[in-house]
Each structure stands twice: as structure tokens, then as C-alpha cells.
Amino acid sequence: MKKIVLLFVIPVIGMGQICSQKVFEGTITYKIDLEGDFVSLMESYMPDSYDFSFKDNKTLLLINGGLLESIMGRILIDQGKSYIINDAERTVYGLSATNNPDEIDSTRQGPKITELDESENILGFNCKKYKMLFNEGGNEYTQYVWATKDIQVRFDGFSHGEVPGTFSFIGLDAFPLKIQSKISEAGFAFTMLLTATDINRTKLDQNDFILPVDYDKKDLSDMFGFPK
């Protein structure tokens, strides 16, 4: 169950840079569609969409809808570290040292990427379809990604593969606009589909990408009661 919570708490997208394109600044909205076991029981908890805002090498995530919106606040990803900013509690929750990208196994491999003979136009962008085969501890799972080479972000994201269910694509030099994941955990399975529904190129306020200095600082484990 911890994996499922983290899947929706930190749905971080990481990808290689495309040096020939202008770096994207603005906000991309993804709608969330779920199918599978017990989805109706999860609807009040799950969000409807995510807003990812990119500026320089920082990313700000807003969760829209469901119980998660009220308890999570904002999520800031900066220099490879993630922080939950809860304005109601005036508290910043950071990831524990065990999830610090500076401490991960440098030999960790990315997914096996297969470019498929399919493409789709998403919001005016031509997106190729890729099959991503992951292997974590001998357990294999597959994701499908529709990605374009016409969007580039400078993203110091979450460590690749460190949290099961996050979207980290080592070796993919394209930006995902649709991601299909099949999740099996805690005795049930469901499919999660993220699809970009709006892309807004606009200059963003740098102050929105700064941690409040007067907020309390706690570990993420204090929010959910997970062991550190």
C-alpha cells in the first residue's frame, strides 16, 4: 500500500534533455483515468488531474481533486529532492535520507526502451509510442509512453526507479504526454492513464518555486507514519 500512496503523492516525470529545442517554461495539465479493482472505492481519495509547472530546473506539482488535494498541498522538486508544502499546516515535508538521490546505487539501470511503430497527435504534438520494460529486484513490469521530441524541460527530478510507480525514463530523449501504467499491489490491480489535456507556455513567478523559510521542517514519514 505504501507504493500506491507514493505513486499518487510523487508522480514525478524524469526524462533526458533535447538540446536542439528551447527549454519549456510553463504548465502542463494531465488528466487521470483509472480502471480496475476497487477503483470505485478509491474515487474520493484519488485526484482528477495533475498540474506540472516547469521553470529552469525546478518543478512544481499541484494535485487537483480527491482527498489528496486537501492533505498534500504543493509538491516542489528542486535539485533532485522533493518537498511537500502544506500551507494549512505551515509545514514542509521532505523525503527521508533513504530516498536521497545522492545515496542511490549508481549501477541502477534504466528500463529497456522499445520504440513501437505507432504514433498519436496530442495537443498538436506528434508523439511516438514507446514500450518501457522495467526490472526491480527481479520483478518486471511494463509501461507505455507516448512522447514528443518537440518539448524539452530542464528537470532535476526524483531518483530513477527509487520509488516504484514513479515515471522516470532513463534513456528516453522525449517528453511524455501520455503514460499508461498497470499497477499490482496489496492484492489488487488497476490501470492508470495520464494524458496531457493542456499545455500553457508562460513565464512563471520564481517565488512559487522557493520553500517557505518560516515553515516547520519534517520528514515525509511523519506525514504518513512510514518507517524512515
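Could you list, ordered by first residue, the pairs with Cβ atoms under 8 Å in which the first is in segment 131-152 and on the phi > 0 side of the Ramachandran plot and touching a residue at least 24 places away in the same chain (Cβ under 8 Å) and the second is loosely packed, with under 14 Cβ neighbours inside 10 Å and assigned to a strand (DSSP E or B), at least 6 apart or interchain?
Pairs that qualify, where the first residue is on the phi > 0 side of the Ramachandran plot and touching a residue at least 24 places away in the same chain (Cβ under 8 Å) and the partner is loosely packed, with under 14 Cβ neighbours inside 10 Å and assigned to a strand (DSSP E or B): there are none.
Quick one: in segment 130-155, of everything that is of a type in the set (Lys, Arg) and outside any strand (DSSP E or B), which residue is farthest from Thr191 (Cα to Cα)?
Checking each candidate, the answer is Arg154.
Name the pairs whose Cβ atoms lie under 6 Å apart, with the first residue in segment 56-74 and farther than 14 Å from Asn207 by Cα, the second in a loop (DSSP other than H, G, I, E, B) and hydrophobic (A, V, I, L, M, F, W, C), and 6 or more positions between them or separate chains?
Gly66/Met46
Looking only at segment 11-42, how many residues end up being at pLDDT below 85, out of contact with any Leu (no Cβ under 8 Å at 6 or more places or on another chain) and not in a strand (DSSP E or B)?
The number of residues fulfilling the criteria is 11.
Inspect segment 206-223 for any residue being among the small types (Gly, Ala, Ser) and either at pLDDT 90 or above or not in a helix (DSSP H, G or I) (or both) and give the result as yes or no.
no
The values are calculated or read from the model by the stated rules, or taken from the named source; none is laboratory data. Here the structure is a predicted model, which means the values were calculated and not measured. Counting neighbours? That spans all protein chains shown, and the Cβs are built from the backbone with ideal geometry, glycine included.
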